[in-house]
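> To start, I am sharing the structure in question, which I have written as structure tokens.
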Amino acid sequence: MNLSLPSATQLLVRFGARDISQVAAPDAGRTIEPELLVAAASGQPLDDWPPEDVAIAVATLARIADAVTRARSEVSFYLRFRSAGEDAPQWVTDDLAEIARYHLYDDAGKEESTVRVLYKDVIKRLETLAKEDKERGASDGGDSGLQISHQPRLMDRRTLRHL
């Protein structure tokens with residue numbers, strides 16, 4: 001199944017570089033300028049920035065990549081009933097970014113936060129999609145490919161009558 005993953009640049013544009021840089025930065029006690037994170041994500045030269053800030057930006061991008069990977073794994077669980085050639089609906093790709101943002105927030109998100117509410121909405125849609133796929137008769141991993149075969153019968157009442 002083809003499922004395009006959001007890049008760090010797409011997350012920065014969609015949710016705001018300032019918000020993502022604050023949430024995704026490792027617990028180093030220092031925050032970095034959102035412009036540095038945008039430059040690092042887009043592959044621009046980082047020679048004008050202090051090396052310690054560049055190191056934080058690289059670690060932040062690694063955390064973003066980890067959150068996207070976790071989001072893909074979570075979505076793949078709900079799409080397990082899809083056959084290999086069947087693509088996910090377009091809205092799943094958009095919702096992947098929401099799940100990745102939720103994973104960036106980790107435990108920092110409060111129960112009533114917008115990020116958590118959006119995440120729960122996405123999970124409900126994915127659960128509904130998985131249920132619909134399962135009801136169509138697919139098994140884990142798409143078509144089951146199960147074939148029942150047996151050997152021809154070797155013994156029956158007639159052949160065993162004289163024993």
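The values are calculated or read from the model by the stated rules, or taken from the named source; none is laboratory data. Nothing here was measured: the structure is a model prediction, and the numbers come from that model. Note: ideal-geometry Cβ built from the backbone for every residue, glycine included; neighbour counts use all protein chains shown.
> Looking at region 64-81 only, could you name the residues that are closer than 18 Å to K124 by Cβ and of a type outside the set (G, A, S)?
The initial filter retains those residues of region 64-81 that are closer than 18 Å to K124 by Cβ, namely 71, 74-81.
Within region 64-81, E74, V75, F77, Y78, L79, R80, F81 meet the criteria.
> Does D87 satisfy the condition of being surrounded by 12 or more Cβ atoms within 10 Å (Cβ to Cβ), within 15 Å of the chain's Cα centre (by Cα) and at pLDDT 85 or above? Steps first, answer last, please.
Details: surrounded by 12 or more Cβ atoms within 10 Å (Cβ to Cβ): yes; within 15 Å of the chain's Cα centre (by Cα): yes; at pLDDT 85 or above: no.
No.
> Right, here's the next one. Consider V115 carefully, then state whether it is under 21 Å from P6 (Cα atoms), of a type outside the set (D, E, K, R) and within 12 Å of the chain's Cα centre (by Cα).
Working: under 21 Å from P6 (Cα atoms): yes; of a type outside the set (D, E, K, R): yes; within 12 Å of the chain's Cα centre (by Cα): no.
Against the criterion (under 21 Å from P6 (Cα atoms), of a type outside the set (D, E, K, R) and within 12 Å of the chain's Cα centre (by Cα)), V115 does not qualify.
> Just need a number here: residues in region 1-54 that are without any contact (Cβ under 8 Å) to a residue 12 or more places away in the chain, surrounded by 15 or more Cβ atoms within 10 Å (Cβ to Cβ) and over 21 Å from R101 (Cα atoms).
The number of residues fulfilling the criteria is 1.
> Given the structure, is A65 assigned to a helix (DSSP H, G or I) and either more than 14 Å from the chain's Cα centre (by Cα) or at positive phi (or both)? Please lay out each step first, then the result.
Numbers: assigned to a helix (DSSP H, G or I): yes; either more than 14 Å from the chain's Cα centre (by Cα) or at positive phi (or both): no.
So A65 does not fit the description; no.
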